[in-house]
Amino acid sequence: TRHARRREEILRTAAGVFAERGYHGASMRDIAARLGVRQAAIYYYYPSKTAILEAICREGITTFVERVGDIYAAPIPIEEKVRRAIRAHLEPMIEQRFYVHAFLFQRRELPKSARKPLDAQAHAYEALWRAMLEEGQRAGAIPAALDPRLAALAILGMCNTVARWSRAAGEFGLDRVADSFGQLVAHGLFGGQAARPKRTGRKATI
């Protein structure tokens, strides 16, 4: 509907302003100016800047949880699940990166009452990744010695850095970034084989 489209336009514009100026540095006047409307027009849809940031963050995390939840439930090999999940995580980073930027780096500016459900969704998302890696361990595809929680956080941390890239992510393109990250996670830098140190014939010294 026209109302829904207008709300989405406000969120998209505000997310860009927040990314450029920071949450505290941005104002409702800035958002209205970017949209080419009066401030009153924004207040019709959102009562405050806080409400706008909350809606942006909610949109960002909901997309992540739904996409990876579907992948986790799919009857496909675990390596393919991980590759698809990495791509699903990266896609909004590149195509809707201001939404993601707000969720990752600005949701702490929200009051506790608004932030708490968002944090709960973030924990649920991490749990999905952890469960996916544990599934791989049960299948014997992922080493049992690997800590699935640490591994999940490492993968998400690597992917989340894309939100801080300037224009490089768009220049590389989603396919290239997702394939490179998927290859790195699935097979590592050395194709799954640890490099052996060269023997020098000398005793090690500290």
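The values are calculated or read from the model by the stated rules, or taken from the named source; none is laboratory data. Please read all numbers here as calculations on a predicted model, not as lab measurements. Reconstructed Cβ throughout: ideal geometry from the backbone, glycine too, with neighbour counts over all protein chains shown. Please note that ligands, DNA and RNA were not included when accessible areas were found on the heavy atoms of the full protein model with its side chains. Shrake-Rupley method; radii C 1.70, N 1.55, O 1.52, S 1.80 Å.
Quick notes on this structure:
- Per the Debye formula on identical point scatterers at the alpha carbon atoms of the chain, with no solvent, log10 I(q)/I(0) at q = 0.12, 0.13, 0.17, 0.19 Å⁻¹ is -0.71, -0.79, -1.15, -1.32.
- Heavy-atom accessible surface of the chain: percent carbon and sulfur, 1.4 Å: 51
- Per-q log10 I(q)/I(0), the stretch 1-86, q = 0.20 Å⁻¹ (Debye; single scatterer per alpha-carbon; no solvent): -0.85
- Per-selection Kirkwood Rh - the stretch 54-133 (Cα, Å, 1 d.p.): 13.0
- Average accessible surface area per residue within the chain, 1.4 Å rolling probe, Å²: 61
- Rh (Kirkwood; distinct C-alpha pairs) - the stretch 89-132, Å: 11.4
- Stokes-Einstein D (µm²/s) once Rh is taken as the Kirkwood radius of the stretch 98-180 over alpha-carbon pairs, at 20 °C in 1.002 mPa s: 145
- Local net charge near Arg7, Cβ-Cβ under 14 Å (Lys/Arg +1, Asp/Glu -1): +1
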